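The values are calculated or read from the model by the stated rules, or taken from the named source; none is laboratory data. Nothing here was measured: the structure is a model prediction, and the numbers come from that model. Ideal geometry is used to build each Cβ from the backbone, glycine not excepted, and the neighbour counts take in all protein chains shown.
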2 protein chains.
Amino acid sequence: MASDTGRLRADAARNRARVLAAAERLFATADPGKVTMEDIARAAGVGRATLYRRYSSPAAVALALLDEHERRLQERIIRGEPSLGPGAPPGERLAAFYAAMADLLEQHLHLALGAETGSARFRTGAYGFWRLHVRTLLVAAGHAEVDATVDLLLAPLAPELYQFQRYQQGLSKDRIVAALAALARRVLPVAAGQ
Amino acid sequence: MASDTGRLRADAARNRARVLAAAERLFATADPGKVTMEDIARAAGVGRATLYRRYSSPAAVALALLDEHERRLQERIIRGEPSLGPGAPPGERLAAFYAAMADLLEQHLHLALGAETGSARFRTGAYGFWRLHVRTLLVAAGHAEVDATVDLLLAPLAPELYQFQRYQQGLSKDRIVAALAALARRVLPVAAGQ
DNA sequence: CGCGTAACCGGACACAGCGTCCAGTTATCG
DNA sequence: CGATAACTGGACGCTGTGTCCGGTTACGCG
């Protein structure tokens with residue numbers, strides 16, 4: 001979705017780039033929840049209707065920017081080295097996944113907050129991928145109640161929560177990652193429980 | 001906050017009741033995220049300024065309604081019977097707390113969605129209470145990384161998540177509760193880990 | 001019991017953002 | 001090189017917000 005640059009009129013492509021660059025800047029600078037379509041359009045030097053042509057909301061713009069980074073992580077999960085990639089025991093893979101997601105949130109929190117806030121998070125394609133991945137790990141570990149547990153294990157990765165822990169509670173990324181890892185190893189222990 | 005009915009002019013009290021009743025109805029009927037101050041005022045037969053006098057946003061109204069129910073649960077946690085109340089081992093208390101919260105969400109999901117959506121959830125007084133309770137359980141169980149783990153364990157109770165699991169994934173309340181209980185017992189096992 | 005005061009009420013106002021439409025412009029294809 | 005299809009951006013009407021102010025109503029005191 002972020003890379004359908006294929007066959008695009010020269011001026012359209014130029015504007016597309018302008019919009020994404022301006023949005024990246026805006027979301028990083030201002031409160032991500034308060035960026036409006038008008039803001040983005042003005043910052044990009046583009047009319048509002050032009051913006052609406054391709055994106056239906058500020059969240060959609062943020063999502064397009066975030067998408068690229070998430071794809072890269074998805075690639076590493078599918079084909080990368082353990083423990084993130086295949087090969088490691090489920091608990092370790094989950095811990096590695098948690099750590100990688102924390103990295104992503106640390107780097108692009110503003111985009112995540114702009115894109116996946118509230119229940120919108122569950123409707124993104126990326127969430128479907130994370131869900132499938134964790135589900136696989138649960139099955140591999142022989143966990144009972146797989147379907148209900150998947151989303152419980154993804155809940156700690158909500159962007160708003162990371163923001164709260166990091167900047168309200170003042171926790172370092174490392175401590176959050178450590179807690180996530182401990183959680184992962186307890187829920188999916190090496191000696192697979194029932 | 002929900003019960004400062006003390007010394008209130010007759011007409012003010014009447015309007016207060018009208019507003020809360022109308023809001024209760026509205027949040028249950030319509031999409032809780034799309035209820036506006038104007039909607040509430042109109043439904044209550046009250047001017048907008050009157051509404052703003054006491055509540056700063058639709059979320060504040062929903063919060064006032066939810067508050068009462070949450071207080072009751074808080075009472076049961078502090079002084080009630082085990083496993084919800086004091087006496088039971090931490091893992092069991094956490095499981096009971098999860099079950100009680102699921103009950104609350106099942107009954108008043110619309111209010112929770114109206115009040116505690118997104119990062120607003122962390123700013124409510126209620127969240128502080130849940131946080132303190134879970135923190136106590138973690139300490140009692142001798143858990144490491146208490147501060148970072150508290151919020152991770154509360155994340156699965158986000159209203160949006162419950163809505164997603166229940167109505168998008170089609171899971172029953174019982175299955176969600178079962179998964180939460182399993183999680184609780186693994187994170188806080190009877191033989192207290194480090 | 002009646003009056004003064006303080007609090008309350010609700011309509012009016014100005015404003016910001018939304019989403020769409022349309023007329024002008026520009027790139028691409030035959 | 002001309003026709004066509006797509007892109008662009010300013011303008012418009014709408015909805016919701018938050019505040020202000022003149023009128024009204026309940027309470028306390030003499």
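Here are some residues: A:56, A:83. Which one is farther than 21 Å from residue A:178 by Cα, outside any helix (DSSP H, G or I), away from chain B (no Cβ under 14 Å) and small (Gly, Ala, Ser)? Step through it out loud before you land on a result.
Details: A:83 fails: farther than 21 Å from residue A:178 by Cα.
Matching residue, one of A:56, A:83: A:56.
Given the criteria within 16 Å of DNA strand D (Cβ to nearest atom), surrounded by fewer than 20 Cβ atoms within 10 Å (Cβ to Cβ), under 19 Å from the mean Cα position of the chain (by Cα) and within 14 Å of chain B (Cβ to nearest Cβ), does residue A:33 qualify? If you could, list the steps in order and put the result at the bottom.
On the way: within 16 Å of DNA strand D (Cβ to nearest atom): yes; surrounded by fewer than 20 Cβ atoms within 10 Å (Cβ to Cβ): yes; under 19 Å from the mean Cα position of the chain (by Cα): yes; within 14 Å of chain B (Cβ to nearest Cβ): yes.
Yes; evaluated as a whole, the condition is true for this residue.
When residues of region B:146-170 are filtered for being within 8 Å of chain A (Cβ to nearest Cβ) and more than 29 Å from residue A:147 (Cβ to Cβ), how many remain?
1
Since residue B:190 meets every condition but one in (1) closer than 24 Å to residue A:102 by Cβ; (2) in contact with a Pro (Cβ under 8 Å, 6 or more places away or on another chain); (3) surrounded by fewer than 16 Cβ atoms within 10 Å (Cβ to Cβ), which condition does it not meet?
That leaves (1) as the condition not met.
Surrounded by fewer than 23 Cβ atoms within 10 Å (Cβ to Cβ) and away from every other protein chain (no Cβ under 12 Å), is that true of residue B:174?
Here the answer is no, as residue B:174 does not meet what is asked.
From the list B:66, B:51, B:84, B:94, which one is in contact with a Phe, Trp or Tyr (Cβ under 9 Å, 6 or more places away or on another chain) and not basic (Lys, Arg)? Working first, answer last.
On the way: B:66 fails: in contact with a Phe, Trp or Tyr (Cβ under 9 Å, 6 or more places away or on another chain); B:51 fails: in contact with a Phe, Trp or Tyr (Cβ under 9 Å, 6 or more places away or on another chain); B:94 fails: in contact with a Phe, Trp or Tyr (Cβ under 9 Å, 6 or more places away or on another chain).
None of the other options fit; the residue is B:84.
Pick out the one residue from A:28, A:64 that is within 16 Å of DNA strand D (Cβ to nearest atom), under 30 Å from residue A:131 (Cα atoms) and either under 20 Å from the mean Cα position of the chain (by Cα) or within 14 Å of chain B (Cβ to nearest Cβ) (or both). Walk me through it before giving the result.
Values: A:28 fails: within 16 Å of DNA strand D (Cβ to nearest atom).
On inspection, the qualifying residue turns out to be A:64.
For the subset of region A:47-59 comprising residues that are crowded, with 17+ Cβ neighbours inside 10 Å and among the hydrophobic types (A, V, I, L, M, F, W, C), which member is farthest from residue A:117 (Cα to Cα)?
Once the filter is applied, the top-ranked residue is A:51.
Select, from B:75, B:116, B:70, the only residue that is more than 16 Å from DNA strand C (Cβ to nearest atom), among the acidic types (Asp, Glu) and within 14 Å of chain A (Cβ to nearest Cβ).
Numbers: B:75 fails: within 14 Å of chain A (Cβ to nearest Cβ); B:70 fails: within 14 Å of chain A (Cβ to nearest Cβ).
Residue meeting the stated conditions: B:116.
Within region B:124-145, is there a residue that is more than 7 Å from chain A (Cβ to nearest Cβ), buried (at least 17 other Cβ atoms within 10 Å of the Cβ) and among the polar types (S, T, N, Q)?
yes
Taking helices (runs of 4 or more DSSP H) that do not extend beyond region A:89-154, which have at least 2 residues that are touching a helix residue (DSSP H, G or I) at 6+ places or on another chain (Cβ under 8 Å) and within 22 Å of residue B:112 (Cβ to Cβ)?
Numbers: elements: A:90-115, A:125-140, A:146-154.
Hits in region A:89-154: A:146-154.
Residue A:78 passes all but one of (1) touching a residue at least 12 places away in the same chain (Cβ under 8 Å); (2) more than 22 Å from residue A:33 (Cβ to Cβ); which number fails?
Residue A:78 satisfies every listed condition except (1).
Between B:17, B:21, which is of a type outside the set (Asp, Glu) and within 16 Å of DNA strand D (Cβ to nearest atom)? So that I can check it myself, show each step before the final result.
Values: B:21 fails: within 16 Å of DNA strand D (Cβ to nearest atom).
After ruling out the rest, the residue left standing is B:17.
Could you check residue A:97 against (1) under 24 Å from residue A:152 (Cα atoms); (2) crowded, with 18+ Cβ neighbours inside 10 Å; (3) modelled with pLDDT under 95 and say which number it fails?
Residue A:97 satisfies every listed condition except (3).
So residue A:183 passes all but one of these: (1) more than 7 Å from chain B (Cβ to nearest Cβ); (2) touching a helix residue (DSSP H, G or I) at 6+ places or on another chain (Cβ under 9 Å). Which condition number does it fail?
(1)
Looking at (1) within 25 Å of residue A:163 (Cβ to Cβ); (2) more than 10 Å from DNA strand C (Cβ to nearest atom); (3) more than 14 Å from chain B (Cβ to nearest Cβ); (4) touching a residue at least 12 places away in the same chain (Cβ under 8 Å), which one does residue A:16 not meet, given that it meets all the others?
Of the numbered conditions (1) within 25 Å of residue A:163 (Cβ to Cβ); (2) more than 10 Å from DNA strand C (Cβ to nearest atom); (3) more than 14 Å from chain B (Cβ to nearest Cβ); (4) touching a residue at least 12 places away in the same chain (Cβ under 8 Å), the odd one out for residue A:16 is (1).
Output the number of the condition that residue B:49 fails; it satisfies all remaining conditions of (1) more than 8 Å from DNA strand D (Cβ to nearest atom); (2) farther than 19 Å from residue B:128 by Cα.
(1)
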